[in-house]
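The values are calculated or read from the model by the stated rules, or taken from the named source; none is laboratory data. Because the structure is a prediction, the values reported are computed rather than measured. FYI the Cβ positions are ideal-geometry reconstructions off the backbone, even for glycines, and counts take in every protein chain you see.
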Amino acid sequence: MQPGSTELAFVSVLIVLGLVVPLVLAASRTKGARTLAVALILVSCLAGCFVAALGFWRGSGFLLTFSGVTPFPFSLTIDRLSAFFLLLICTVAAPVAIFAFTYFDHHYGEQRRNWMWAFFSLFLLSMIVVVAASSGFAFLVGWELMTLLSAGLILMEGDSAERRHNVLIYLLMMHAGAAAVVASFFLFLPYSHSLDFGAIRAAGALVPAGIRILIFLLAFVGFGTKAGIIPLHLWLPRAHPIAPSPVSALMSGVMLKTAVYGFVRFTFYFLAGGPWWSGYLVLLVGAVSGLLGVLYAIAEHDLKRLLAYHSVENIGIIYLGLGTSLLFLAHHAPIWAALALIAALLHTFNHALFKSLLFLGAGSISHATHTVDLEELGGLQRRMPVTGTAFLIACCSIVGLPLFNGFISEWLTFRSFLAGSILTNTKAQIILPLMVGILALIGGLAAACFVKVFGVAFLGRPRSAEAEQAIEVPVPMRVGMAALAAACLLIGILPGLLLRPLASLCQVLIPGAGVPKEILMIARIIPWTAAVVLGAMALTALFKRAQKKVPTWACGLPQLTSRMQYTSTAFSKPIRFVFSAVYRPDRKIDRLPADQPYFPASISYRSARTTSYEKTLYRPFVDFIVAAAHRLRRLQTGNIQVYLLYIFLTLVSLLVYLRFVR
Amino acid sequence: MKIAINLLQALILILGAPLLRGIIGRIKAWIQRRQGASIWSPYADLVKLFRKEDLVPPSASWVFRFAPRVLFGTAVCVAAFVPVVQPSALLASRGDFFLLAYLLALGRFFLSLGGMDGGSALGGMGASREALISSLAEAPFLLGLVAVAILAGHADIAGMVAWTLRQNIFNISAVHILAFTSLAMVVIAETGRMPVDNPTTHLELTMIHEAMVLEYSGPSLALVESASAIKFHTMVALLIALFAPWGMATSVSVWSIAAALLLYFLKAAVLMGLLAVVESGVAKLRMYLVPDFLGVASAVSALAVIFTMLAKR
């Protein structure tokens, strides 16, 4: 391999995604142009995978500096961490693009389709810039573009007052988060004298303790907003469900991961660990996000909202791993810190695969039945076998069942919790093993939720005419889903493929960490387990007898109807009942007429779940801002003389400051 | 030789599973002053079911037919994790209890889906109830095992058993008592025994596990039944191996293996006797009292984990 050719490949990926694809789409609205554009995106993704694979497996990185042609220092690099996230983006984006090729054609008119694809391509570019950035400016440019382009993609789906409101909330929260990220970058500036990542890392040790805490907290809040940790998750269940399904797949599967990337880059690469309590903070937030995320998800019956809440849950699991790692770092146990970090990063990758697959599945369902309301679905497995099977694989993966990829990362997280018992610090020694219980509860509830999702949507009898008449989606959509499902299975059965390079990556991030023996253990035991399970299953084929179709027993009624099946709401009722303290259901029963309670002419029943975040957390904050703005308005008289006075006063005070204070 | 014994252990757990059910049934019958069926009758039932034809609901997809096989495959795999006569097992040296617990979850996940594929109200009801119980049982199960693992300093089941085997029988700590309590409660809930679920019920509205498998028949039902029996036997063997392993063969000789085997059957019989007494004496819990039952198990297991700190000093 010629030196320099990986750089060339990477630069051409950037140029193709950023320039060629939009130009092709702008030039012509024919199907041919669009096919060419999609093919270019696919080739770029493959080239990106290739560059990332070289960087990730071989550790061959490079640095590209564009500072000569840009007005500010702009440089991109591929080190192992960037390569890992580049691999994630490109691996997920390629199947999503194949899926979207048919999906966009079916759902949007001529003109909008081209816009969609152009934004899609630029959105990919912005995410690649974020993870490959090697200077603060490059990172922030990518970060901002990513937010705006995803908002554009959401708005392109349709235009209504509600949608605009949701997008507004999305943009507001993203910019509040971005402000925190900018601030944490600038706090490094007095010590590093540049925003180059290398300089920042070198300065990491020079930053005084107080500023370190501030940087950590700002990065935590800034990236946490993007990641959707509770209580900063407010935008997530609003923005993800209203985006077109392939875009939801990218937003949930990939865009959230850039926040994990940013957090890891800041806390591990720049700061080399946070203050001693940082691990506890991240663990707490992870546990709360994981538990509440899955509990909110169970109560949903809109499939895409449900999946959005599961993103909150999985980000919670990732943060559990990150928090454990920080805790081990604070207690000088680098090898266990590496294990927990490997678990978190692997879960990041796994979540990207299965969550994008789930959103593509939701897209297929809405393509076939024009709804994603679980109560209207049912019996789709027989009508859409490929979609159903791929979706089932994704369900098993997200639940963390063995032989599927989610298990590997959850297992590693469990083992790093268990390793906490070797610490000498009493607090950590008790809290970490108890976290096993939290993660087990999250896993158990996730299993309940996905039995509900798959059972209600794909099994049993159809609950509506649309579901009854559903047919399998076109081939490209099936191919996109099958590719992601295959990736889930591959990592689930041969986890060593990713684990070994991840261990090398963690040695870069955590100095002094060796290769934890747990990753070798899981890589060895899983294929054996798979062999035993599949062998025993093959054995059962011996007991095959003639099959006969007979109607389901109907308790003596003439026949069953689809309305007799358990619905999504009914299925989750026991769990909602047990955890009613979390949901605080708001029920209202109206009997009419009111003066005859025992002989009502009509009874209406309404039940709503109140999410109290807006009321108790955000409303007071917004009220405070509005009140403060009202106060400040007195300064703005609109009188030009007063403004001149302000300028004069500012000038005088600055001069005084320069002359006497400094 | 060691591998041959490990294989033998897995076979004991798999083939001896229906016998355990027969013994419980016999003891229960004796307590209730009934004649009772032979202890071999579960085998006869399985043979009968395997010979029958498979009835499938019209709305069912491949998931319905596939689910019993997954359940059986995971049950067999789990049986390869648990030591019986010597402190090792086929997969026990590298496989830990997290993998064991999640393999059980894999089987349960598919069986719940199979229950929902029939398209009747009862399958959904069973799956929904099972989802509630198993989601709450996961945490106490793992925490109880975590407590033992911390004491033993090993996470693999073979290491945990070998550690307990080296301890003095009169030297057991509070951790062991707490962990055993919580695990025994979870095993009752997980394997669908009284007071959580009534395995002999014939009333659909009170069923949990039975409601889920209501639509299965013939070989599929036989697979489900034998998988549940294997799972139950494995859980019992796990409790014995973790909390009363004394008597296991530490050297490979025919006599020590035979003695260990005999002792294992005695221990299992005692445990079954206890279970039969409990099952005959208590009424099934109301559905919404089960979370309280599992809540107690969770609290006890969390205490067990916290107490490992004291035990280590």
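Among the residues of the range B:94-111, are any part of a loop (DSSP other than H, G, I, E, B) and at the interface with chain A (Cβ under 10 Å from one of its Cβ atoms)?
Scanning the range B:94-111 turns up at least one residue that is part of a loop (DSSP other than H, G, I, E, B) and at the interface with chain A (Cβ under 10 Å from one of its Cβ atoms).
Within the range A:15-32, work out how many residues are surrounded by fewer than 19 Cβ atoms within 10 Å (Cβ to Cβ), among the hydrophobic types (A, V, I, L, M, F, W, C) and in contact (Cβ under 8 Å) with a residue 24 or more places away in the chain.
Of the residues in the range A:15-32, 1 are surrounded by fewer than 19 Cβ atoms within 10 Å (Cβ to Cβ), among the hydrophobic types (A, V, I, L, M, F, W, C) and in contact (Cβ under 8 Å) with a residue 24 or more places away in the chain.
Among the candidates B:E215, B:E225, which residue alone is more than 23 Å from B:A158 (Cα to Cα), within 13 Å of the chain's Cα centre (by Cα) and not hydrophobic (A, V, I, L, M, F, W, C)?
B:E225
Going through the range B:219-258 one residue at a time, which ones are crowded, with 22+ Cβ neighbours inside 10 Å and either hydroxyl-bearing (S, T, Y) or on the phi > 0 side of the Ramachandran plot (or both)?
Across the range B:219-258, the qualifying residues are B:S220, B:S226, B:S228, B:T234.
I need the full set of residues from the range A:169-207 which are of a type outside the set (A, V, I, L, M, F, W, C), free of Cβ contacts under 8 Å to residues at least 24 places away in the same chain, assigned to a helix (DSSP H, G or I) and surrounded by fewer than 19 Cβ atoms within 10 Å (Cβ to Cβ), in order please.
Scanning the range A:169-207 gives A:P190, A:Y191.
Here is a list of conditions, (1) within 17 Å of B:G22 (Cβ to Cβ); (2) touching a residue at least 60 places away in the same chain (Cβ under 8 Å), and B:V270 meets all of them except one; can you say which number that is?
(2)
Restrict the check to the range A:388-405 and report whether at least one residue is farther than 21 Å from A:A448 by Cβ, surrounded by fewer than 24 Cβ atoms within 10 Å (Cβ to Cβ) and within 12 Å of chain B (Cβ to nearest Cβ).
Yes, the conditions are met somewhere in the range A:388-405.
Each row is one residue, and each column tells you yes or no for (1) buried (at least 24 other Cβ atoms within 10 Å of the Cβ); (2) among the charged types (D, E, K, R); (3) part of a helix (DSSP H, G or I); (4) over 15 Å from the mean Cα position of the chain (by Cα).
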position	(1), (2), (3), (4)
A:K257	yes, yes, yes, no
A:L292	no, no, yes, yes
A:I335	no, no, yes, yes
A:A338	yes, no, yes, yes
A:L345	yes, no, yes, no
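Can you name every one of the strands (runs of 3 or more DSSP E) wholly within the range A:500-617 that holds 3 or more residues which are over 30 Å from B:P291 (Cβ atoms)?
A:547-549, A:585-592
If A:I471 meets every condition in (1) part of a helix (DSSP H, G or I); (2) away from chain B (no Cβ under 14 Å) apart from one, which number is that one?
Result: A:I471 passes all but (1).
Sort out which residues of the range A:148-165 are surrounded by fewer than 20 Cβ atoms within 10 Å (Cβ to Cβ) and either farther than 13 Å from A:I242 by Cα or within 18 Å of the chain's Cα centre (by Cα) (or both), and write them in order of number.
Once the filter is applied, which keeps residues that are surrounded by fewer than 20 Cβ atoms within 10 Å (Cβ to Cβ) and either farther than 13 Å from A:I242 by Cα or within 18 Å of the chain's Cα centre (by Cα) (or both), the range A:148-165 yields A:L148, A:A151.
Of the residues in the range B:207-221, how many are within 7 Å of chain A (Cβ to nearest Cβ) and in a helix (DSSP H, G or I)?
2
Mind checking which residues of the range B:268-313 are crowded, with 20+ Cβ neighbours inside 10 Å and of a type in the set (D, E, K, R)?
B:E279
Going by the structure shown, is A:K549 exposed (fewer than 14 other Cβ atoms within 10 Å of the Cβ) and either within 10 Å of chain B (Cβ to nearest Cβ) or within 29 Å of B:L223 (Cα to Cα) (or both)?
yes
If you go through the range A:412-440, how many residues are within 21 Å of the chain's Cα centre (by Cα) and surrounded by fewer than 24 Cβ atoms within 10 Å (Cβ to Cβ)?
The total comes to 1.
Go over the candidates A:G556, A:G512, A:G535 one by one and state the one that is small (G, A, S) and closer than 30 Å to A:F270 by Cβ.
Among A:G556, A:G512, A:G535, only A:G512 is small (G, A, S) and closer than 30 Å to A:F270 by Cβ.
Just to confirm my filter: which helices (runs of 4 or more DSSP H) fall fully inside the range A:13-129 and include at least 1 residues that are under 17 Å from A:P476 (Cα atoms)?
A:31-53, A:80-107
State yes or no: is B:A174 more than 21 Å from A:R461 (Cα to Cα), small (G, A, S), touching a strand residue (DSSP E or B) at 6+ places or on another chain (Cβ under 6 Å) and modelled with pLDDT under 90?
Against the criterion (more than 21 Å from A:R461 (Cα to Cα), small (G, A, S), touching a strand residue (DSSP E or B) at 6+ places or on another chain (Cβ under 6 Å) and modelled with pLDDT under 90), B:A174 does not qualify.
Given the residues B:G144, B:G153, B:G123, which is the only one that is buried (at least 22 other Cβ atoms within 10 Å of the Cβ) and modelled with pLDDT under 90?
Being buried (at least 22 other Cβ atoms within 10 Å of the Cβ) and modelled with pLDDT under 90 holds for just one of B:G144, B:G153, B:G123, which is B:G123.
Among what's in the range A:137-146 and is surrounded by fewer than 20 Cβ atoms within 10 Å (Cβ to Cβ) and not acidic (D, E), pick the residue that is nearest to A:Q111 (Cα to Cα).
Selected residue: A:L145.
I need the full set of residues from the range B:273-313 which are without any contact (Cβ under 8 Å) to a residue 12 or more places away in the chain, of a type in the set (K, R) and more than 20 Å from A:V578 (Cα to Cα), in order please.
Answer for the range B:273-313, where residues must be without any contact (Cβ under 8 Å) to a residue 12 or more places away in the chain, of a type in the set (K, R) and more than 20 Å from A:V578 (Cα to Cα): just B:R313.
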